[in-house]
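The values are calculated or read from the model by the stated rules, or taken from the named source; none is laboratory data. This is a predicted model, so every value here is computed, not measured. A quick note on method: Cβ atoms are made from the backbone with ideal geometry, for glycine too, and the neighbour counts reach across all protein chains shown.
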């Protein structure tokens, strides 16, 4: 397929590279042109504008938040104004349910097709083409997008005939991921204060009832304090929990744990955790329990007093 790709961060760059490896003709655009250079060396064509990336059969977007998606989707030179009729927009960004619905409506008015296809996996998984894709959209649109989804992921789960359904599932999954991080952090703080070795404890957990990649990955990060470089930055985690709570309010679903997680992310960010991985909230219980006299949360900072970051 002739596909444009917009958004070449750590996730998007890996996804675009796998589209090239699968034989697709890829035109890349990023607000910072230097991020496209490696892909251009691999055979991608550079675009100097959003509109130029929208001249093929499809365009994929992988952007950080609602504001970034709005900036490329709308306007006289945006995706919606530039994409040909019947062409595809495959949106892999983690965005609000409300924005997904708005973008879907605008595409429909121009006879364009939208597939929401947010993904689960960190940058190394994206580079390996092993993401899990959650797709939402009309059946014919999802079928048309399947070659692109197959190139970036190991499996696609179609969850709804409405794009916004995939975005809701993605937000719910990130809520569960943050919940695992928080509860792992609390459990690790508890056993550490009781004199149990954290790594031995994690080996026990992940060899028995909790033998899942999420416990292995985040348990290791929390125990080691290895939060830089961020595979998924803390501000993005905070954003996703905020979007979960907005969706929950619209649907009338109380989510008290999500409210707790919102406060945990706000605490981390208020104390300088903007550049840390979102798993750094898993070190907050150790700080609360006075187990971290340096309280640097893996930033490499000089030791400070308990309660400072």
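No other residue among 38, 53, 16 is outside any loop (DSSP other than H, G, I, E, B), touching a helix residue (DSSP H, G or I) at 6+ places or on another chain (Cβ under 9 Å) and over 25 Å from residue 167 (Cβ atoms) apart from 38. In this entry, residue 289 passes the filter for residues that are touching a helix residue (DSSP H, G or I) at 6+ places or on another chain (Cβ under 6 Å), at pLDDT 95 or above and surrounded by fewer than 23 Cβ atoms within 10 Å (Cβ to Cβ). Restricted to region 57-138, the set of helices (runs of 4 or more DSSP H) holding at least 2 residues that are farther than 20 Å from residue 32 by Cβ and either modelled with pLDDT of 95 or more or in contact with a helix residue (DSSP H, G or I) (Cβ under 8 Å, 6 or more places away or on another chain) (or both) comprises 79-82, 97-109, 123-127. Within the option set 244, 253, 257, 169, being modelled with pLDDT of 95 or more, over 16 Å from the mean Cα position of the chain (by Cα) and not in a loop (DSSP other than H, G, I, E, B) holds for one residue only, 257.
The residues of region 139-160 that are part of a helix (DSSP H, G or I) and more than 19 Å from the chain's Cα centre (by Cα), listed by number, are 139, 140, 141, 142, 143, 144, 145, 146, 147.
Being surrounded by fewer than 16 Cβ atoms within 10 Å (Cβ to Cβ), touching a residue at least 40 places away in the same chain (Cβ under 8 Å) and either over 13 Å from residue 120 (Cβ atoms) or in the same structural domain as residue 91 (by TED's automatic domain parsing) (or both), is that true of even one residue in region 166-181? For region 166-181, residues surrounded by fewer than 16 Cβ atoms within 10 Å (Cβ to Cβ), touching a residue at least 40 places away in the same chain (Cβ under 8 Å) and either over 13 Å from residue 120 (Cβ atoms) or in the same structural domain as residue 91 (by TED's automatic domain parsing) (or both): present.
Filter region 1-13 down to residues that are under 22 Å from the mean Cα position of the chain (by Cα) and part of a strand (DSSP E or B) and give me whichever is farthest from residue 67 (Cα to Cα).
Only one residue fits best here, namely 3.
Report yes if residue 195 is under 15 Å from residue 94 (Cβ atoms) and assigned to a loop (DSSP other than H, G, I, E, B), otherwise no. For residue 195, the condition - under 15 Å from residue 94 (Cβ atoms) and assigned to a loop (DSSP other than H, G, I, E, B) - is not met. Checking the stated criteria, residue 101 turns out not to satisfy the condition of being free of Cβ contacts under 8 Å to residues at least 60 places away in the same chain and surrounded by fewer than 24 Cβ atoms within 10 Å (Cβ to Cβ).
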